[in-house]
Ligand code: PLP
């Protein structure tokens, strides 16, 4: 089951050997269904370590959907969301651009052969050394949202193609990025004038409606704001040609967030409506979660368990009933892959993979455990800290030490920010292709 060119990952779009060149110590299954893959890995993985099963087909499916529903908007994958080398290689081969936030991210993308003109350095506040690195590498497209950054760009990146990031109303998003970045609309005129005085080449406008956006009107309102800036620039004799609609698109299996087809339809209408007078505008986006979330399923092992018996009393202090609750301890937690609960405000949903040594997971949603009695349970990460609680309240059949749980849709803002706090290793990734 080890990787090799014969796996043909990518069905001709990419030869398997090419994608996995740098990760060839990893296991790649040619089995097709998630549950088979999970059973396979659990079977081989006697050492109990938690792991991600990454389905490369999900990235293709998402790309396919993007080009069908937003054919005029070129995606620049937000590397920060999950810089997994396989995700980067697939997207590089498919021809997307990349949104990089730092020197290391630019380095990662450049080192797999992506040309610098496919990168946007989309951080409005850049350390000087990172900016100089971008200049040396020929990365010219970059965002700014304040006058000091413009001066820095003039000094360290005189050939930059600067993109003015405006703030948005992101009050309904999981992560409100406009608290930190984005020029307010009152200041865009002055910023354009300053850029003109300094001789910085402003080429476009960007925004981010907030990660995990739930407001259907957020994109259209932000596109309207961008149009205001295009008009201001035109008045100043500056010809803008780039509109960057940022990220905020939900992943395919996400329970929360707006369905992508609905967002894509609204966004397309807004771009057509507000930019009809700028027919040669090029539109790009910076999706992160959209590409990464659904491809990754995390499997964790129940390493310990504690039973709590709650006695329910009648008025005369007579015990009439006792309820069994369970606390389960697993080997990844909020200091690891589940940091997304803290930082990304994600909700995570456990499903039983192995119960009492029997494999019970089916990807169709039918569980062999459905007929078993359920108990109120909580799920805790491996560290000694009590903040390390993954799920506070969930009904589960009784699990045993050595059993496994899975969490779907865990590819965004998870493993990339995981720590080894308390000495616990981060979960490794196994790759497979479901279709
Ligand atoms: N672009 C920028 C500048 C960001 O800060 C982020 C996320 O923080 C993204 C794109 C990706 O956002 P999402 O994963 O919601 O698509």
Next item on the list: Return only the number of the condition from (1) outside any helix (DSSP H, G or I); (2) touching a strand residue (DSSP E or B) at 6+ places or on another chain (Cβ under 7 Å); (3) within 17 Å of residue 216 (Cβ to Cβ) that residue 299 does not satisfy.
Entry: (3)
Notebook entry, point to check: Out of all the residues in the range 127-145, which are within 16 Å of the ligand (Cβ to nearest atom) and in contact with a strand residue (DSSP E or B) (Cβ under 7 Å, 6 or more places away or on another chain)?
Noted result: 134, 139, 141, 142, 143, 144, 145
Notebook entry, point to check: Condition test on residue 257, is it outside any helix (DSSP H, G or I) and in contact with a helix residue (DSSP H, G or I) (Cβ under 7 Å, 6 or more places away or on another chain)?
Noted result: no
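Considering only the range 72-83, state which residues are within 10 Å of the ligand (Cβ to nearest atom) and outside any strand (DSSP E or B). Working first, answer last.
Quick first cut of the range 72-83, residues within 10 Å of the ligand (Cβ to nearest atom) only: 75-82.
Hits for the range 72-83 are 79, 80, 81, 82.
Within the range 190-204, identify whether any single residue is closer than 18 Å to residue 286 by Cα, within 16 Å of the ligand (Cβ to nearest atom) and at pLDDT 95 or above, and answer yes or no. Explain how you work it out, then say what you get.
Start the filter on the range 190-204 by keeping residues that are closer than 18 Å to residue 286 by Cα, which leaves 203-204.
Checking which are within 16 Å of the ligand (Cβ to nearest atom) leaves us with 204.
Among the residues that remain, those that are also at pLDDT 95 or above are: 204.
Yes: one or more hits.
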Notebook entry, point to check: Looking at the range 332-435, what strands (runs of 3 or more DSSP E) fall wholly within it and have at least 1 residues that are crowded, with 22+ Cβ neighbours inside 10 Å and in contact with a helix residue (DSSP H, G or I) (Cβ under 9 Å, 6 or more places away or on another chain)?
Noted result: 350-355, 389-397, 404-407, 428-432
Check: Within the range 206-223, is even one residue more than 16 Å from the ligand (Cβ to nearest atom) and touching a strand residue (DSSP E or B) at 6+ places or on another chain (Cβ under 6 Å)?
Finding: no
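May I ask you to list the residues in the range 92-106 that are more than 14 Å from residue 247 (Cβ to Cβ) and away from the ligand (no atom under 12 Å from the Cβ)?
Just the residues of the range 92-106 that are more than 14 Å from residue 247 (Cβ to Cβ), to begin with: 92-95, 102-106.
If the condition is that a residue be more than 14 Å from residue 247 (Cβ to Cβ) and away from the ligand (no atom under 12 Å from the Cβ), then 92, 93, 94, 95, 103, 104, 106 are the ones that fit.
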Item checked: Which numbered condition residue 283 misses (of (1) within 16 Å of the ligand (Cβ to nearest atom); (2) outside any strand (DSSP E or B)) -> (2)
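Report yes if residue 274 is over 30 Å from residue 52 (Cβ atoms), crowded, with 19+ Cβ neighbours inside 10 Å and within 13 Å of the ligand (Cβ to nearest atom), otherwise no. Working first, answer last.
Numbers: over 30 Å from residue 52 (Cβ atoms): yes; crowded, with 19+ Cβ neighbours inside 10 Å: yes; within 13 Å of the ligand (Cβ to nearest atom): no.
No.
Evaluate the following for residue 73: is it touching a strand residue (DSSP E or B) at 6+ places or on another chain (Cβ under 7 Å), at pLDDT 80 or above and assigned by TED's automatic domain parsing to the domain that holds residue 354? Walk me through it before giving the result.
Values: touching a strand residue (DSSP E or B) at 6+ places or on another chain (Cβ under 7 Å): yes; at pLDDT 80 or above: yes; assigned by TED's automatic domain parsing to the domain that holds residue 354: no.
In short, no.
For every residue, the table says whether it meets (1) modelled with pLDDT under 95; (2) in contact with a strand residue (DSSP E or B) (Cβ under 6 Å, 6 or more places away or on another chain).
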site	(1), (2)
332	no, yes
337	no, yes
358	yes, no
365	yes, no
385	no, no
413	no, no
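The values are calculated or read from the model by the stated rules, or taken from the named source; none is laboratory data. Given the structure is predicted, the values throughout are model-derived calculations rather than measurements. Ideal geometry is used to build each Cβ from the backbone, glycine not excepted, and the neighbour counts take in all protein chains shown.
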